[in-house]
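Every number in this text was worked out from the coordinates using simple rules, so none of it is lab data. No experiment lies behind these values; they were computed from the predicted model shown. Cβ coordinates were reconstructed from backbone atoms using ideal geometry, including for glycine residues, and neighbour counts include every protein chain displayed.
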Amino acid sequence: MNISLIIDARLTGKDLSCRLTQARQQIALFQGRSEIIVIDDGGITSEQLGEHAKDYRLVRVRPALMGRRFNLAASHCNGRMLGFCLGPLDSAWVERMMAAAADESRPMVRPSRPCPLALFQLLRQTPTRALGVERNWFERLGGFDPSLDLSAVEDLATRLKACRANALVQRA
């Protein structure tokens, strides 16, 4: 099983080097079956790249909303699992995502149960740090809404959950 981690240089800004270090550590267990894609609309500087230049593939895009940028990045990925990294990852996020994907007996997003409105509103306000999704579900749902910016990831996560699709969300 292959995994593609996607990092948006615009979102990470000055934390890009740190995020690349985290991503490299996360995929170390999956050498030969993983890749890091950095999507950039022209703002990456050599200081941000540092020693990481050999560890990722750069996808240059025109400035656009986040939904469109992530869709373009996904089209350049080779992985069966797509991991969209928006913030710092917990130390075992990729491992959990891969384990959940390998477990064919259950969906990665549990079937929805009635959720108290207050809890639902709290979850919507908690920023998403990462979204992992199987490529076939990503493509089935048409990917991210290209007309959305910061809410694009939450929109896709909500649609995936409604379909009981294979996805893993890490919140702040």
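Table for the structure above
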read-out	value
Separation in nanometres of the label points that stand 7 Å from Cα toward Cβ, at LEU29 and ARG57	2.4 nm
Net charge over other residues, Cβ less than 13 angstrom from the Cβ of ASN78 (K, R count +1; D, E count -1)	+3
Residue-span extension gain [ALA64 to ASN78] - 0.36 nm each, minus C-alpha spacing	2.8 nm
Virtual spin-label span in nm between THR21 and GLU95, 7 Å along Cα→Cβ	2.0 nm
